[in-house]
Amino acid sequence: MAGQTLLRIENVHKRFGAVIASAGASIEVREGEIYALLGENGAGKSVLMSILCGVLTADEGRIVCRGVELQPGSPEEAVRRGIGMVHQHFMLVPNLTVAENYVLGQGSPLRVLSHMKAVSARIRELSDKYGLDVRPDALVRNLSVGEQQRVEILKVLYHGIDLLILDEPTAVLTPQETDRLLELLRDLVADGKTVIFISHKLDEVMRVSDRVSVMRDGKVVFTTDTSATNPRELARMMVGRDVLMELPREAARQGEIVLSVRDLACNNELGLPAVRGVSFDVRRNEIVGIAGVSGNGQSELALAMSGLAPATAGSIRLNGEELCGLSPAAINRRSFAHVPEDRHKMGIVLPLPLTENVILQRYNRPPFSARGLLRSRAVEDHTRDLVQRFKVKARDIDVPIQTLSGGNQQKLVVARELARHPDFLLINQLTRGIDIGAMEFVMQEVLKQREAGKAILLISTELEELFAICDRILVIYEGRIIGEMPPDRSRLDEIGLLMAGKEPSARSAGSEPVRVH
């Protein structure tokens, strides 16, 4: 049962130039509760948590933990007060063991190495206590994504943290791993810990949290006991309007095959097999989903299809033309668009303005170029049109794209690729890092492409995203397609088992059988 106030963030303001990131945000967290923090991209959640952890310094306001005001801009002070954060992108060194990761920065190498036995014993003790199954001698690079998540959580507990901040903790987990994580959070609270839970997944917030606050435009606009609200109300508070919780769509009218993949194989960046004999087709008026836990070959599959990594075997045909062996530039000239998994590495150039980012693939073609010269008016008009239609929040079209929130960057990448009017669209992690209002919008736009006769392959670790818009779902495990299922939420457990490499042992009566490849 939640007790007295543990943490107060009072009237925090933070500005980055002309951008107001926090506009007097205030929250209160009680001892022994799971407190959920929701909000659209750019609402101020991450900035507020970064200020709490000492990574950023507030322009105004203060933070009080157990009656003591925290020294601003000091991560050491936050740790000393028992505040720790598990980031969405893991902060582990792959080539070190779990135990070695835990002692990084904890003193001189000689002193640290002399205590490694005690460190390993403490890790085993905590692992047994919380049922986390973390092995101190395991190399991080050999661990699954779910195992790395457990390592990160135990690392925070190892350092004596009792106010735990989790940022999108289930983004890369199977349904079964998500269930175990949510159970763990309840166990931690029962053991006297307090949790701040940041998530875009409203069903998880409803399942696990005691209280919930919603941020909008840098302020906290709504706080309530979770038992007194519902997902629809939370979505409305986040975006300031009603949000469609289910997207209407017509039954598929599948046309001819647009993209055909046969026996495709390719390696990862270490030269090891990552995709192992994958075959599938994508037809017009169809969205085919690929589900799987991150790290099972999805990234390499997308890179091989877009020409960014070489295939070692197999065939990729677009409208009957072989793509294997073509350069990325050559594939880009075909009726092929690509929303990449990592927008920062492969989708945008951060220092460049919006105007230049929206024509990255087409700067030397009409209508943006004529006789070797850029047509500035055409570029500006095109950029304004995309910004307006996709509701991209930006001060101006000439600002660097790095000044936009991650969700607005993603919307612009999706807008750019859809504006190319391709026959085939490869989308890897469509809604990664974007809020529920933006999710609704971009998924509707993708459905419009389906209705317009496009063929779409959607790779995602988000099962709700796949259920919402796909016509069928392929499951990938260790580089192989091991099953095909309809987008039926009632069969979530079956898909989860396939994602873990296990064939479902039982099926609901009257349901379509899993097709195992």
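The values are calculated or read from the model by the stated rules, or taken from the named source; none is laboratory data. Bear in mind that the values here come from a model prediction, so they are computed numbers and not experimental data. A quick note on method: Cβ atoms are made from the backbone with ideal geometry, for glycine too, and the neighbour counts reach across all protein chains shown.
Set side by side, the residues SER306, SER294 differ, and just one is modelled with pLDDT under 80 and assigned by TED's automatic domain parsing to the domain that holds LEU463, which is SER294. Of the residues contained in segment 401-417, none is found to be in contact with a Ser or Thr (Cβ under 6 Å, 6 or more places away or on another chain) and in the same structural domain as VAL446 (by TED's automatic domain parsing).
Considering only residues of segment 458-475 that are assigned to a strand (DSSP E or B) and within 18 Å of the chain's Cα centre (by Cα), which is farthest from ILE427 (Cα to Cα)? Break it down stepwise before answering.
Here is the first cut: in segment 458-475, the residues assigned to a strand (DSSP E or B) are 458-460, 472-475.
Pick out the ones that are also within 18 Å of the chain's Cα centre (by Cα) and you get 458-460.
On the way: LEU458: 5, ILE459: 6, SER460: 8 Å.
Among those residues, the one meeting the criterion is SER460.
From the list ASP210, ASP203, the lone residue that is assigned by TED's automatic domain parsing to the domain that holds ILE123, in contact with a helix residue (DSSP H, G or I) (Cβ under 9 Å, 6 or more places away or on another chain) and either at pLDDT 95 or above or crowded, with 21+ Cβ neighbours inside 10 Å (or both) is ASP210.
Can you tell me which residue among ILE427, ILE436 is among the β-branched types (Val, Ile, Thr), more than 28 Å from LEU303 (Cβ to Cβ) and either under 16 Å from the mean Cα position of the chain (by Cα) or surrounded by 18 or more Cβ atoms within 10 Å (Cβ to Cβ) (or both)? Lay out the reasoning, then the answer.
Values: ILE427 fails: more than 28 Å from LEU303 (Cβ to Cβ).
Answer to the check: ILE436.
Take VAL293 and decide whether it is in a strand (DSSP E or B) and among the hydrophobic types (A, V, I, L, M, F, W, C). When the stated conditions are applied, VAL293 does not pass them. A single member of SER144, SER213, SER209, SER199 is in contact (Cβ under 8 Å) with a residue 60 or more places away in the chain and closer than 18 Å to ASN101 by Cβ, and it is SER144. When PRO487 is tested against (1) closer than 20 Å to GLU168 by Cα; (2) surrounded by fewer than 24 Cβ atoms within 10 Å (Cβ to Cβ); (3) in contact with a Gly (Cβ under 8 Å, 6 or more places away or on another chain); (4) not charged (D, E, K, R), only condition (1) is not met.
Which helices (runs of 4 or more DSSP H) sit wholly inside segment 1-104 and have at least 1 residues that are assigned by TED's automatic domain parsing to the domain that holds ASP167 and more than 27 Å from VAL140 (Cβ to Cβ)?
45-52, 75-80
For segment 80-95, the count of residues that are surrounded by 15 or more Cβ atoms within 10 Å (Cβ to Cβ) and over 30 Å from GLN4 (Cα atoms) is nonzero.
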